[in-house]
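The values are calculated or read from the model by the stated rules, or taken from the named source; none is laboratory data. All figures in this text were calculated on a predicted structure; none of them were measured in a lab. Please note: Cβ atoms are built from the backbone with ideal geometry, for glycine as well, and neighbour counts cover all protein chains shown. Areas reflect the complete protein model, heavy atoms only, side chains present, ligands, DNA and RNA absent. Shrake-Rupley method; radii C 1.70, N 1.55, O 1.52, S 1.80 Å.
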Amino acid sequence: MKEAIGSYADIIGTVAMIVMLCAFTVEAVAKDKALMAAIFSPAAVIWMILFAFSLADRLGLID
């Protein structure tokens with residue numbers, strides 16, 4: 001049971017991090033800070049890719 005709760009907490013934390021990075025990207029674009037947007041946008045995409053692979057691994061889709 002503790003492992004299941006930890007797994008859900010990890011997923012929720014990862015989704016929160018992706019949302020935060022996307023929000024920072026939108027904020028940077030709104031404030032005309034191109035350098036910040038250039039940093040946060042790829043970071044958000046990388047987190048999304050890592051999350052997708054992590055979730056696929058948990059579901060047993062990746063050997």
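Below is a table of values for the structure above.
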read-out: Failed condition for I62, given (1) assigned to a helix (DSSP H, G or I); (2) surrounded by 10 or more Cβ atoms within 10 Å (Cβ to Cβ); value: (1)
read-out: Yes/no for I49 being assigned to a helix (DSSP H, G or I), open to solvent by less than 70 Å² (accessible area, probe 1.4 Å) and of a type in the set (V, I, T); value: no
